[in-house]
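Derivation of every value follows stated rules applied to the coordinates shown; laboratory data play no part. Values in this document were obtained by computation on a predicted structure and should not be read as measured data. Cβ placement follows ideal geometry from the backbone for every residue including glycine, while neighbour counts extend to all protein chains displayed.
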Number of protein chains: 2
Amino acid sequence: MERFSFAADVAFTPRDELLERVTIAPLSAPISGRSPFQAAVFRFAPGGRIVRHAPAGSGSQILAVLLGSGGVSGTSGAEEPIAAGEAVFWKPGEEHELKSTEGLMALIIEGEGLDMFRRPQ
Amino acid sequence: MERFSFAADVAFTPRDELLERVTIAPLSAPISGRSPFQAAVFRFAPGGRIVRHAPAGSGSQILAVLLGSGGVSGTSGAEEPIAAGEAVFWKPGEEHELKSTEGLMALIIEGEGLDMFRRPQ
């Protein structure tokens, strides 16, 4: 068993023009041939956002809001409110945006072949 | 963009003798050939635990405590305190246990080739 921290004090601010007032604390190693997915905790300060973009790469994404609330959109561009306990799934390459007035903490998982949980019918 | 919930009211109590007073709200689809990893939110009521076991399968696991605190162990069996913002990595097949007196919420990610985030030296 190895231990590590993903607390706010170890999170970093990436040099990424898509991110404004957002820090990242990775949980997993980055995507590689060995493991084609990654997970990280994103913390949005009040007014933080991930600017609208179409992600490169062939992975899909799951965003799960852990604390706080914000506004989220996918292909349509129509912003919808989202809060702790709610998640969204974006297909590979799907254009999307996420912003928060009050601040939020979210998990983002990205991977090849990743699908959201679908409740048995 | 598709939406779904992982809030407490959609979590379920699996029939699993390894879990006591623990509910699960999956984020991703279960491990399959298409995507060899999975992620889910585990909620421990006070006194909840994942009984000591050596997991089947060839995946490693990352446990990230999101809220609350508990006690965790790996191969050695020595219990260590863990709290929100802290994570552990268990190797494939590594025997482990997790329990909580006060209750906790944690993310567990499991996958083939999964490694924890390692800070560049």
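If a residue must be in a strand (DSSP E or B) and more than 18 Å from B:Ala83 (Cα to Cα), how many such residues does the stretch B:41-65 contain? Spell out the reasoning first.
Quick first cut of the stretch B:41-65, residues in a strand (DSSP E or B) only: B:41-53, B:60-65.
Filter once more, keeping what is more than 18 Å from B:Ala83 (Cα to Cα): B:51-53, B:60.
Within the stretch B:41-65, residues that are in a strand (DSSP E or B) and more than 18 Å from B:Ala83 (Cα to Cα) number 4.
Counting only residues that are assigned to a loop (DSSP other than H, G, I, E, B) and within 15 Å of B:Ser60 (Cα to Cα), which one in the stretch B:97-117 is farthest from the other protein chains (Cβ to nearest Cβ)?
Within the stretch B:97-117, the subset assigned to a loop (DSSP other than H, G, I, E, B) is B:100-103, B:112-115, B:117.
After this cut, where a residue has to be within 15 Å of B:Ser60 (Cα to Cα) as well, the list is B:112-115, B:117.
Numbers: B:Glu112: 7, B:Gly113: 4, B:Leu114: 5, B:Asp115: 4, B:Phe117: 4 Å.
Of everything passing the filter in the stretch B:97-117, B:Glu112 is farthest from the other protein chains (Cβ to nearest Cβ).
Find the residue count for the stretch A:22-64, including only residues that are buried (at least 19 other Cβ atoms within 10 Å of the Cβ), out of contact with any Pro (no Cβ under 9 Å at 6 or more places or on another chain), more than 9 Å from chain B (Cβ to nearest Cβ) and hydrophobic (A, V, I, L, M, F, W, C).
Residues that pass the stated criteria total 4.
Within the stretch B:62-121, which residues are aromatic (Phe, Trp, Tyr) and over 17 Å from A:Ala8 (Cα atoms)? Talk me through it step by step, then tell me what you get.
So the first thing to find is which residues in the stretch B:62-121 are aromatic (Phe, Trp, Tyr), and the list is B:89-90, B:117.
Across the stretch B:62-121, the qualifying residues are B:Phe89, B:Trp90.
Quickly run through the stretch B:42-72 and pick out the residues that are more than 17 Å from B:Glu110 (Cα to Cα) and of a type in the set (S, T, N, Q).
Listed by number, the list holds a single entry, B:Ser69.
Give me a count of the residues in the stretch A:3-21 that are more than 8 Å from chain B (Cβ to nearest Cβ) and basic (Lys, Arg).
2
Search the stretch A:80-106 for residues that are free of Cβ contacts under 8 Å to residues at least 40 places away in the same chain and pair each with any residue that is of a type in the set (Phe, Trp, Tyr) when their beta-carbon atoms are under 8 Å apart and the residues are at least 6 apart or on different chains.
A:Gly85/B:Phe6; A:Glu86/B:Phe4; A:Glu86/B:Phe6; A:Ala87/B:Phe4; A:Ala87/B:Phe6; A:Val88/B:Phe4; A:Phe89/B:Phe4
Out of contact with any Cys (no Cβ under 9 Å at 6 or more places or on another chain), of a type in the set (A, V, I, L, M, F, W, C) and exposed (fewer than 14 other Cβ atoms within 10 Å of the Cβ), is that true of B:Ala78? Walk me through how you get there before you give the answer.
Details: out of contact with any Cys (no Cβ under 9 Å at 6 or more places or on another chain): yes; of a type in the set (A, V, I, L, M, F, W, C): yes; exposed (fewer than 14 other Cβ atoms within 10 Å of the Cβ): yes.
Yes: the conditions hold for B:Ala78.
Across the stretch A:66-96, which residue is farthest from the other protein chains (Cβ to nearest Cβ) among those that are touching a strand residue (DSSP E or B) at 6+ places or on another chain (Cβ under 7 Å) and assigned to a loop (DSSP other than H, G, I, E, B)?
First, pick out the residues of the stretch A:66-96 that are touching a strand residue (DSSP E or B) at 6+ places or on another chain (Cβ under 7 Å): A:66-74, A:79-92, A:95-96.
Pick out the ones that are also assigned to a loop (DSSP other than H, G, I, E, B) and you get A:74, A:79, A:84-85, A:91-92, A:95.
Details: A:Gly74: 3, A:Glu79: 11, A:Ala84: 8, A:Gly85: 3, A:Lys91: 8, A:Pro92: 12, A:Glu95: 10 Å.
Among residues in the stretch A:66-96 that are touching a strand residue (DSSP E or B) at 6+ places or on another chain (Cβ under 7 Å) and assigned to a loop (DSSP other than H, G, I, E, B), the one farthest from the other protein chains (Cβ to nearest Cβ) is A:Pro92.
(1) within 13 Å of another protein chain (Cβ to nearest Cβ); (2) crowded, with 17+ Cβ neighbours inside 10 Å; (3) not acidic (Asp, Glu): which one isn't true of A:Pro120, the others all being true?
The failed condition is (2).
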